[in-house]
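The values are calculated or read from the model by the stated rules, or taken from the named source; none is laboratory data. Just so it is clear, the model here is predicted, and its values are computed rather than measured. Positions of Cβ are generated from backbone atoms using ideal geometry, with glycine treated the same way; all protein chains shown enter the neighbour counts.
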């Protein structure tokens, strides 16, 4: 959009970059449409050209993650477990691996109630340097042992490039956490490591930025990306974050990648995990990530949002019934296309 | 919380107001707890007292809307239809009443698919003074005629104190819209009018402010308040608002009032109405408000988020099945207490 | 923006409304530009047309408030005091009128330090119905008496249509508060009342919505609108609101109306009033609204953000020096055009 | 805060962790205050204990960054230039280093107008993998050459742990960007590298999280941290971010570290840089970071927010006059303590 008689310079700049410019003349403004390969536009700082009031991007900058270029929904295989095939998966476990005993106890509970994945942090990104930072390597080994013990797949967070190799050795799926969603160095390296990646939405990331982050991973040759909505930062303080369940529908429309939901971080309150887990399934999520702790009152991290084993079993029972019913009755939350 | 040796003045000010002060001494700060009738604290501007770093409110300022004082969930009767009794109600119809024909056509569709309420705006609050402002009185009359025709209850928005009498004459339930959630003059008057009130959450209202707004209505003698989550304002621009479904669980925990969900305004996109409607039911909402238009492509207001009759029937079919199944299987989203 | 071969229907719908459609063809999408009188577009729900992915508004919906149609900055005369003429005005006083004594004492302090306006609420919009709601009529009379006593102009909030007449009788300028910024009934009536209006920005209002709210007032024949930035709602909890000083620059660019800044509500902390008042002046604000109380520790409302008389005098001294220096040295914060 | 008779378990858990519990009994709730070393509380997941409704943290988790433990404002020396000594510093230059010629031209302009630092990105974190990612090593060398040429200090961003060594070799100050503010691995390593660090506020970081991020760096033995406010993410879309100038006052109150302001990223519009730069100085900022480009219309990154050389000189002239005047007249924005 631009004013006055300055459209000539704008059009020239666009043409110089090998792009086509189309002009629409309104009574107050001229609108100049730009058509062509978007990457070329990077070389034209449209807003900075004299006479330009503002510019608006119409086409998306991600391609590999986009449904436009890949209409079929992707199914991601993680060591034999399929994510995105119509049956929701559950990743459950404690926020942090605290000890072998705690982890094994949690893993047994998780397994017994029917989840497919064990989650648990060995590397913990914490706001304060004085908070518990995780058992690191030792924690990874306990996770691998818990996998042997239960047959569950393991998903765990990787917070630094240096840790990727170690995590990839022990885990079936690497998690990139919310605080690292735009740690582009890390994204590129997990894109190279060959393991499926669970990409959590950033604390205040738009859906567009999130899909661009997925694009960073996919652009390195790794198509196995699963997205995880975990709540966004808003003005509301009652919940730890605001769980944005409409992101499930948005991602299903914009992308072919599977999306799961984390109601534990999304709300920060164990009381809300059950209703939000049910809601996620009804909205069409491909799975859930849930914090469960043998004894939340003794958890070293995120106790307030961890379920007791009993609550957890109730959630599992409900979501299994709900998802089976929806499949049986052909209740389809999101019409694609 | 306060520093230095100034706690004496603080304690005196609290005592003068007839409240009790309890002091806890930390190594860096003193914490002064205040116990007693919260309304008395209004006369003590605690943060402004010398030495005070900050004050934090622990108890809630609403009472009539609080579950603490009314543990039993309320069921609101609107002309014979019960809201909050375990079976979700549906309020559907066009955003705005545009003509008798449009409204009757919409009402017939709404009725046929099994909703209990017809919604439709006769007074429309619009961002720009040049947008369609509604048919006003004429619109109210069409709504009353559509009620006669179909047997549906009518819920419609009231935007000014002057309009209350007219709206109350024709409608079964008065809606207070998001932009007026803290129009306290309006809240007091709908509190006096005797009709049940549907109170939408403000654009950027906290749950605490929302329940305080309900308190304004209830404090005038009207206990028949139903809350409606309709999306909050966040940084995300893909959706018109961010539908906060965790508000359903929060309100169920904090209040005894019923809560319904409006996925049409909550997302601003018709494609997202179905998944979010299913999610709301699974989260335990007491009902839904849905925009449906005989021909959304001709709607004078909010076409992009209105369902076609066909989409609408699909939504209705899904939520009926889902809610019946959850009742049958005793899948309880929110454990109270 | 739209996909597939559906552009024909879109173009027809636009043409039917008497508007011109221009098509730009990209490789993935077609872009349809719409040219003509924007009010006609209200009859075409573009997003709801088949094949449309999304629509984006380019031209603004406000005209009277826009600088495009009124390049010259407006100077608003309030009972002889000019707002917007290059010399910042100050509106100071207590949050609420509490008693004749408190108000007179405050007015004397305000006057002595050199402000032009006395502010003070007679009608107070409060989150809880149990908080102090203002002295109402009695408060208005005290304000009028304080005006007689000091020669200060009086600005005070009007919260209901019914109160306009009374407030207009006693006050020189009517304030529409943040919670009522989209109370369109109130906006229209203050637009008819003939008195200058101070329009505060809504809690979570965009600049576009704010200027549209001004348009409601101006569209009723009242051009005397002054805007007031008072902080917006964000995720940050350290301050009561986030004071958006860039709104000063934005409003100066988009509109010809004067804009003042309220650092007291904008921060909620008296310690921050001085630096933010200085910053507002340096950013080019046309004035300030500041809470000052003879004894903040006894204030019935907003004590934590009220200045003591001593702090207030320091602020006044600083802003007078700063604004005089900027004028003298021709330091112009905002280059218009 | 807690209900019912469950306070006994809570008190026991607190005592077990070696902390003291003090109980205040209200009519509806009991409040249990916890006193002692905060790090011990990490082992007690208070909210998860039976009967607990919520917990509120009173004392801060950062210590080295806190003014409570270091009342004197810190002055950070960067290769002889002092930040925080009362005279604002300016860091200016292009968003990205694009070529030797562009950088040298920019450096000469920056130097001539009187800045102390040259800024320019060699490693660029970009939302899309297809956007220009910076010249990397080559860019660092150009920066070092520009330093030789002009005598300006160099500040540039480091985005990965692997890049620290190279950046530290060529730059005088390492910048941690907004997207990496909670990249804790990176924070720890820049804490070990010995060079002063410019820590930008995260996109949606609270002031508390920001000071905790500084704590990560300081806790590794590096006390030379300067904070940089660069706008936060809000619902407002007119500006790229919302520049939170009240953060200057907040940081001055809570911390002894210097704070500078980046009005270029903070607003995203070159028109707003001048007024916001003036405002930052008036608010008491210790400096500014400003994007200037020899020819913004040709910039590969952030052209819309870059100043032309002419605009830049105007900004520099204004802030020099303003800061000199404030010093001379002893206009103190923030009263500490």
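Quick one: which residue in D:155, D:161, D:167, D:190 is within 26 Å of residue A:134 (Cα to Cα) and in contact with a strand residue (DSSP E or B) (Cβ under 9 Å, 6 or more places away or on another chain)? Spell out how you get there, then give the answer.
Details: D:155 fails: within 26 Å of residue A:134 (Cα to Cα); D:161 fails: in contact with a strand residue (DSSP E or B) (Cβ under 9 Å, 6 or more places away or on another chain); D:167 fails: within 26 Å of residue A:134 (Cα to Cα).
Only one candidate passes the filter, namely D:190.
Among the residues of the range D:255-282, what is the count of those that are within 15 Å of the chain's Cα centre (by Cα), at the interface with chain C (Cβ under 8 Å from one of its Cβ atoms) and surrounded by fewer than 24 Cβ atoms within 10 Å (Cβ to Cβ)?
Qualifying residue count for the region: 0.
Of all residues in the range B:180-196, count the ones that are touching a helix residue (DSSP H, G or I) at 6+ places or on another chain (Cβ under 8 Å) and assigned to a helix (DSSP H, G or I).
Taking the range B:180-196 first, the residues touching a helix residue (DSSP H, G or I) at 6+ places or on another chain (Cβ under 8 Å) are B:180-191, B:193-195.
Checking which are assigned to a helix (DSSP H, G or I) leaves us with B:180, B:184-191.
Qualifying residue count for the region: 9.
Does the range A:240-250 include one or more residues that are over 20 Å from residue D:204 (Cβ atoms) and within 8 Å of another protein chain (Cβ to nearest Cβ)?
The answer is yes; a qualifying residue exists.
With respect to residue D:298, is the statement that it is farther than 22 Å from residue D:227 by Cβ, in the same structural domain as residue D:204 (by TED's automatic domain parsing) and within 21 Å of the chain's Cα centre (by Cα) true? Steps first, please.
Details: farther than 22 Å from residue D:227 by Cβ: yes; in the same structural domain as residue D:204 (by TED's automatic domain parsing): yes; within 21 Å of the chain's Cα centre (by Cα): no.
No; evaluated as a whole, the condition is false for this residue.
Any residue at all in the range A:95-103 that is touching a helix residue (DSSP H, G or I) at 6+ places or on another chain (Cβ under 6 Å), touching a residue at least 60 places away in the same chain (Cβ under 8 Å) and closer than 30 Å to residue A:324 by Cβ? Steps first, please.
Keep residues of the range A:95-103 that are touching a helix residue (DSSP H, G or I) at 6+ places or on another chain (Cβ under 6 Å), which gives A:97, A:100, A:103.
With touching a residue at least 60 places away in the same chain (Cβ under 8 Å) added as a condition, the list becomes none.
No; the residues of the range A:95-103 include none that is touching a helix residue (DSSP H, G or I) at 6+ places or on another chain (Cβ under 6 Å), touching a residue at least 60 places away in the same chain (Cβ under 8 Å) and closer than 30 Å to residue A:324 by Cβ.
Pick from the range C:168-179 the residues that are outside any helix (DSSP H, G or I) and more than 13 Å from chain B (Cβ to nearest Cβ): which of them is surrounded by the fewest Cβ atoms within 10 Å (Cβ to Cβ)? Walk me through it before giving the result.
To start, the set of residues in the range C:168-179 that are outside any helix (DSSP H, G or I) comprises C:171-177.
Checking the rest, the ones that are also more than 13 Å from chain B (Cβ to nearest Cβ) come to C:171-175.
Details: C:171: 27, C:172: 21, C:173: 24, C:174: 26, C:175: 24.
Going through the qualifying residues, I end up with C:172.
Is it the case that residue D:128 is out of contact with any strand residue (DSSP E or B) (no Cβ under 7 Å at 6 or more places or on another chain), assigned to a loop (DSSP other than H, G, I, E, B) and under 23 Å from residue D:212 (Cβ atoms)?
Working: out of contact with any strand residue (DSSP E or B) (no Cβ under 7 Å at 6 or more places or on another chain): yes; assigned to a loop (DSSP other than H, G, I, E, B): yes; under 23 Å from residue D:212 (Cβ atoms): no.
It is false that residue D:128 is out of contact with any strand residue (DSSP E or B) (no Cβ under 7 Å at 6 or more places or on another chain), assigned to a loop (DSSP other than H, G, I, E, B) and under 23 Å from residue D:212 (Cβ atoms).
Anything in the range D:225-240 that is over 11 Å from the mean Cα position of the chain (by Cα) and crowded, with 23+ Cβ neighbours inside 10 Å? List them, or say none.
Initially, the range D:225-240 is screened for residues over 11 Å from the mean Cα position of the chain (by Cα), giving D:232-240.
Hits for the range D:225-240 are D:232, D:233, D:234, D:235, D:236.
If you go through the range D:153-167 one residue at a time, do you hit one that is part of a helix (DSSP H, G or I), in contact (Cβ under 8 Å) with a residue 60 or more places away in the chain and within 25 Å of residue D:261 (Cβ to Cβ)? If you could, list the steps in order and put the result at the bottom.
Within the range D:153-167, the subset part of a helix (DSSP H, G or I) is D:161-167.
Applying the additional criterion that residues be in contact (Cβ under 8 Å) with a residue 60 or more places away in the chain yields none.
Within the range D:153-167 (the criterion being part of a helix (DSSP H, G or I), in contact (Cβ under 8 Å) with a residue 60 or more places away in the chain and within 25 Å of residue D:261 (Cβ to Cβ)), the answer is no, since none of the residues qualifies.
Check residue B:108 against each of (1) closer than 26 Å to residue B:317 by Cβ; (2) loosely packed, with under 15 Cβ neighbours inside 10 Å; (3) touching a helix residue (DSSP H, G or I) at 6+ places or on another chain (Cβ under 9 Å) and name the one condition it does not meet.
Here residue B:108 meets the rest and fails (2).
Pick from B:147, B:119: which is at pLDDT 95 or above, surrounded by fewer than 24 Cβ atoms within 10 Å (Cβ to Cβ) and assigned by TED's automatic domain parsing to the domain that holds residue B:311?
Details: B:119 fails: surrounded by fewer than 24 Cβ atoms within 10 Å (Cβ to Cβ).
Within the list B:147, B:119, the selection yields B:147.
Return yes when residue C:300 is in contact with a strand residue (DSSP E or B) (Cβ under 9 Å, 6 or more places away or on another chain) and farther than 17 Å from residue C:118 by Cβ and no when it is not.
On the way: in contact with a strand residue (DSSP E or B) (Cβ under 9 Å, 6 or more places away or on another chain): yes; farther than 17 Å from residue C:118 by Cβ: yes.
In short, yes.
Looking at this structure, is residue D:209 farther than 27 Å from residue C:207 by Cβ, modelled with pLDDT under 95 and either over 15 Å from the mean Cα position of the chain (by Cα) or facing chain A (nearest Cβ under 9 Å) (or both)?
On the way: farther than 27 Å from residue C:207 by Cβ: yes; modelled with pLDDT under 95: no; either over 15 Å from the mean Cα position of the chain (by Cα) or facing chain A (nearest Cβ under 9 Å) (or both): yes.
For residue D:209, the condition - farther than 27 Å from residue C:207 by Cβ, modelled with pLDDT under 95 and either over 15 Å from the mean Cα position of the chain (by Cα) or facing chain A (nearest Cβ under 9 Å) (or both) - is not met.
Looking at (1) part of a loop (DSSP other than H, G, I, E, B); (2) free of Cβ contacts under 8 Å to residues at least 12 places away in the same chain; (3) within 14 Å of chain D (Cβ to nearest Cβ), which one does residue A:55 not meet, given that it meets all the others?
(2)
Residue D:222: over 22 Å from residue D:277 (Cβ atoms), modelled with pLDDT of 95 or more and either buried (at least 24 other Cβ atoms within 10 Å of the Cβ) or more than 14 Å from chain A (Cβ to nearest Cβ) (or both), yes or no?
Working: over 22 Å from residue D:277 (Cβ atoms): yes; modelled with pLDDT of 95 or more: yes; either buried (at least 24 other Cβ atoms within 10 Å of the Cβ) or more than 14 Å from chain A (Cβ to nearest Cβ) (or both): no.
No, not satisfied.
Let me confirm something: among A:92, A:65, which residue is within 14 Å of chain D (Cβ to nearest Cβ) and either touching a strand residue (DSSP E or B) at 6+ places or on another chain (Cβ under 9 Å) or loosely packed, with under 15 Cβ neighbours inside 10 Å (or both)? Explain how you work it out, then say what you get.
Working: A:92 fails: within 14 Å of chain D (Cβ to nearest Cβ).
It is A:65.
Of all residues in the range C:305-328, how many are over 22 Å from the mean Cα position of the chain (by Cα) and surrounded by fewer than 23 Cβ atoms within 10 Å (Cβ to Cβ)?
As a first pass, look at the range C:305-328 and keep what is over 22 Å from the mean Cα position of the chain (by Cα): C:308-314, C:317-318, C:320-322, C:324-328.
From what is left, the residues that are surrounded by fewer than 23 Cβ atoms within 10 Å (Cβ to Cβ) are C:308-311, C:313-314, C:317-318, C:320-321, C:324-325, C:327-328.
Adding up the residues that qualify gives 14.
Filter the range C:188-209 down to residues that are within 21 Å of residue C:253 (Cα to Cα) and in contact (Cβ under 8 Å) with a residue 40 or more places away in the chain and give me whichever is surrounded by the most Cβ atoms within 10 Å (Cβ to Cβ).
The extreme case among them is C:198.
From the residues in the range A:27-56 that are modelled with pLDDT under 70 and more than 38 Å from the chain's Cα centre (by Cα), which one is surrounded by the fewest Cβ atoms within 10 Å (Cβ to Cβ)?
Here the residue is A:27.
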